[in-house]
Every structure is written in C-alpha cells, then in structure tokens.
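Undergrad: The structure follows.
Values quoted throughout were computed directly from the atomic coordinates according to the rules given, and no laboratory measurement underlies them. Everything numeric here is computed off the predicted structure, so don't read it as measured data. Neighbour counts run over all protein chains shown; Cβ positions are idealised from the backbone, glycine included.
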Amino acid sequence: MSIAVLGEALIDFIMNQDGSYRPYLGGSPYNVAIGLARQGCEVSYLSPLSSDKFGDQFAKVMLKEGVQMPINRRSLWPTSLALVTLTEEGLPSYRLYREGIADKDTEFEEIKANLPDKLQLFHTGSLAITPSQLPKITNLFELFHSMGVQVSIDLNIRLGASIDKTAYLNGVRSLLPLADIVKASDEDLLALKLNNDARRSAELAYEEMKSGILILTEGSGGVVVYTPNAVVQRKAHSIVNVADTVGAGDTFHSAFLAYLCRHSSIAGPISNVDITMLGNAADYACAAAAINVSRVGCSPPTQSETERFIASTELK
C-alpha cells in the first residue's frame with residue numbers, strides 16, 4: 001500500500017527574537033510527506049523540486065527520510081518562499097511568495113504518469129488548492145475516485161495566497177464533496193465564513209462533504225472528528241515548553257493518516273471506519289503534534305517516538 005502527496009515544498013524564513021530570519025524546509029504537503037515517512041509509511045512526493053540550492057536541500061532530506069520522488073526532473077522555476085513571524089502565543093503568520101515557482105510546474109498528465117503502484121491514498125491541500133491549481137486538482141480527484149483511491153485534503157487556508165479571496169474560498173468549498181478525509185483548523189473554518197462558531201462551521205462543511213470524515217483541530221483545545229454515525233472528540237496533550245506551533249497541524253494529519261493506514265482502515269470507504277479506531281487515531285495524532293510543538297519549526301516524530309511519548313503520559 002502506498003500514499004502519494006502533491007503540493008508545495010517551500011522555505012519558511014522564521015523570525016528569531018532578534019529580528020533576523022532563519023530558513024527551514026517547510027510547506028504543508030512536504031511536511032505531511034516527511035511525517036508519513038517517519039511514521040513508517042510508503043510515500044511518494046509528486047510535485048517537482050527546483051533546480052536551485054533549496055531544491056537540492058529538499059531532495060537530500062526526502063531521500064534521507066525515504067520519501068520517493070517519481071517526478072525526477074528538476075524545475076527551472078525557483079523554490080517558493082514564506083516569511084513567518086510569530087505572535088506572543090507562538091502562532092505563525094505568513095507572507096507568501098508564490099508566483100512562477102517549482103511546485104506548480106507540473107500538469108495532470110505528468111502526475112498521472114508518475115503515480116506509484118498500489119496507490120490507496122492521495123493527499124494534498126494548502127497552497128495546492130488555490131484557484132490557479134484547481135482544475136488540475138479537480139481532475140486528479142475524479143481520477144482517484146474512479147481508481148478507488150481515498151482522497152485527503154488539509155484545507156490550511158492562507159488568504160494571502162490569492163488576490164481573489166472569494167474565488168479561492170469558493171474553490172476550496174467546491175472540493176469538499178470530492179474528498180474522503182478533510183482536515184481543517186478552527187481558523188480555516190472561520191475563514192470560510194460558514195458561521196461565526198468553528199464547530200458549527202465544521203458541521204456545515206461536513207454537510208457539504210456528504211460522506212467521509214471531517215477533522216476539526218482546535219489547537220490546545222483538542223480535536224473533533226465528524227463522521228456519518230457519530231462525533232468523536234479527543235483532548236490535546238499538555239506541553240510545558242512550547243517552542244512554536246509551526247507544522248503542528250501537518251504533523252497531526254500525517255500521524256492520523258499513518259495510524260489508519262497501519263490498521264488497514266484506508267482500504268474501504270472511510271465512512272465505514274470504526275468509531276473506536278478513529279478515536280485512537282486522533283489520540284495518536286495529538287501525541288505526535290505535542291512532540292512537534294516542543295521543537296522549533298516542523299519536525300514530525302517517528303512512530304517509536306510517538307509511542308514512547310504516549311507510554312510516558314500513561315504512566316503519569
């Protein structure tokens with residue numbers, strides 16, 4: 001069984017306390033790919049990397065982590081950049097540089113030709129579902145449904161990613177009925193303006209999905225999973241020393257998907273997954289996210305790290 005990931009690999013320039021910036025490899029889909037690999041999944045990254053030095057760094061790390069890169073050509077377009085500033089609470093704010101960049105330099109036919117064997121799950125989202133990319137993404141979703149491949153999206157809305165915010169948000173909503181698994185933060189759902197309350201917004205978004213599952217992450221408030229049969233809630237783990245929250249959602253989602261894949265819960269319709277299994281997956285993913293926020297930048301834990309953390313909390 002294999003998983004494919006499509007979307008941005010970008011450089012996060014994160015502001016230090018003295019006002020200087022330090023570069024970190026990032027991008028939500030890239031982070032998810034690394035997180036899945038560290039959790040022991042067979043994963044392929046389907047977006048091209050730039051031929052610049054940042055592209056070299058991404059390629060080196062993915063090779064080290066065991067992420068496969070079937071599109072082995074290197075784009076002449078540059079790597080995308082993001083300036084990340086942190087609030088006093090450690091929450092990130094982004095300024096994006098996304099025109100003429102490498103991860104957009106691919107079309108439907110190239111992606112289709114490089115899909116891995118025994119593909120069962122496809123993940124995308126974030127900056128890959130902005131208006132310019134929407135036709136390609138929609139065609140891919142239709143292809144995967146015809147193949148029986150489950151589709152996962154992390155909304156990860158960045159309003160600064162598109163000049164036409166209305167078209168961007170409408171495009172995101174148009175993908176909801178085509179997805180089997182949708183992850184959204186409370187901030188993502190409030191940006192959609194379905195309702196002023198995040199949980200009510202989640203309910204309305206799930207109604208638009210019509211099937212599958214929707215995962216609402218609420219930061220330190222935990223997670224809520226919406227299914228056709230029940231609503232599952234789990235608490236976040238308390239962390240004393242939070243470095244920052246960069247990549248916490250990506251780490252959560254990669255661990256959640258990895259847990260379901262390890263327990264063969266992706267093979268059939270996601271709506272049929274046992275409620276207890278979904279709760280266990282949410283618990284596991286919350287633990288992985290807790291480890292990540294104790295580190296600077298996005299650094300997803302391995303399966304063994306996550307299991308040790310869970311065991312240590314159970315002893316307390």
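Undergrad: Roughly how many Å is it from the Cα centre of segment 271-299 to that of segment 33-96, as a whole number?
TA: Cα centres, segment 271-299 to segment 33-96: 21 Å.
Undergrad: Next question, about the same structure. Can you give the FRET efficiency for SER132 and SER312, using 1/(1 + (r/R0)^6), R0 = 45 Å, r = Cβ-Cβ distance, to the nearest 0.05?
TA: Calculated value: 0.50.
Undergrad: Using the structure shown, list the pairs from LYS64/LYS112; LYS64/LYS136; LYS53/LYS165; LYS60/LYS118; LYS165/LYS210; LYS53/LYS104 with a Cα-Cα distance above 27 Å, or answer none.
TA: From LYS64/LYS112; LYS64/LYS136; LYS53/LYS165; LYS60/LYS118; LYS165/LYS210; LYS53/LYS104, over 27 Å: LYS64/LYS136; LYS53/LYS165.
Undergrad: Moving to a separate point now. Report the FRET efficiency, 1/(1 + (r/R0)^6), for ARG74 and ALA243, where r is their Cβ-Cβ distance and R0 is 41 Å, rounded to 0.05. Kindly include the intermediate steps, with their values, before the conclusion.
TA: Details: r = 32 Å, r/R0 = 0.79.
Step by step, r from the Cβ atoms, then E = 0.80.
Undergrad: Indicate the gyration tensor shape class of the chain (rounded, prolate or oblate), computed on the Cα atoms with a ≥ b ≥ c the square roots of the eigenvalues: a/c under 1.5 is rounded; otherwise a/b larger than b/c is prolate and the rest oblate.
TA: Note, shape of the chain comes out rounded.
Undergrad: If each residue of separation counts as 0.36 nm, what is the full-extension length gain between HIS145 and ASP117 once their alpha-carbon separation is subtracted?
TA: Between HIS145 and ASP117, full extension yields an extra 8.5 nm.
Undergrad: What order do you get for 164-171, 117-124 when each peptide is scored by the mean count of other beta carbon atoms within 10 Å, highest first?
TA: Put in order of decreasing packing, that is 117-124, 164-171.
Undergrad: Right, another one. Take GLU99 and ILE163, extend 7 Å from each Cα along the Cα→Cβ direction, and tell me the distance between the two endpoints in nm.
TA: That separation, rounded to one decimal, is 0.8 nm.
Undergrad: Using 0.36 nm times the number of residues separating GLU65 and VAL296, minus their current alpha carbon distance, what extension gain do you get?
TA: 81.3 nm
Undergrad: Pull out a ≥ b ≥ c, the square roots of the eigenvalues of the alpha-carbon gyration tensor of segment 1-155, then state rounded if a/c is under 1.5, prolate if not and a/b is larger than b/c, and oblate in the remaining case.
TA: Since a/c reaches 1.5 and a/b is larger than b/c, the shape of segment 1-155 is classed as prolate.
Undergrad: Viscosity 1.306 mPa s, temperature 10 °C: give me the Stokes-Einstein translational D for segment 215-316 in µm²/s, with Rh taken as the Kirkwood radius over C-alpha pairs. Could the numbers behind the result be given before it?
TA: Numbers: Rh = 13.8 Å.
Roughly 115 µm²/s, to the nearest whole number.
Undergrad: Right, next: In straight Cα distance, which aspartates and glutamates are under 19 Å from LYS193, not counting same-chain residues fewer than 8 positions off?
TA: Excluding near neighbours in sequence, the set is ASP154, ASP164, GLU203, GLU207, GLU208, GLU218.
Undergrad: Also: Are there GluC sites (Glu not before Pro) in segment 1-99 that DSSP marks as loop and that have at most 13 other Cβ atoms within 10 Å, and which are they?
TA: Filter output for segment 1-99: GLU88, GLU89, GLU99.
Undergrad: What is the sum of charges around HIS253, taking Lys and Arg as +1, Asp and Glu as -1, for the other residues whose C-beta is under 11 Å from the C-beta of HIS253?
TA: After counting each charged neighbour, the total is -1.
Undergrad: Please turn the phi angles of segment 21-38 into ³J(HN,Hα) values with the Karplus equation 6.51 cos²θ - 1.76 cosθ + 1.60 (θ = phi - 60°), one per residue in order, whole Hz, x for glycine and proline.
TA: 10, 10, x, 10, 5, x, x, 4, x, 4, 4, 5, 4, 5, x, 5, 4, 5
Undergrad: Among CYS298, CYS41, what is the fewest-to-most ranking by other Cβ atoms within 10 Å? It would help to have the intermediate numbers written out before the result.
TA: Values: CYS298 26, CYS41 21.
By the 10 Å Cβ count, ascending, the order reads CYS41, CYS298.
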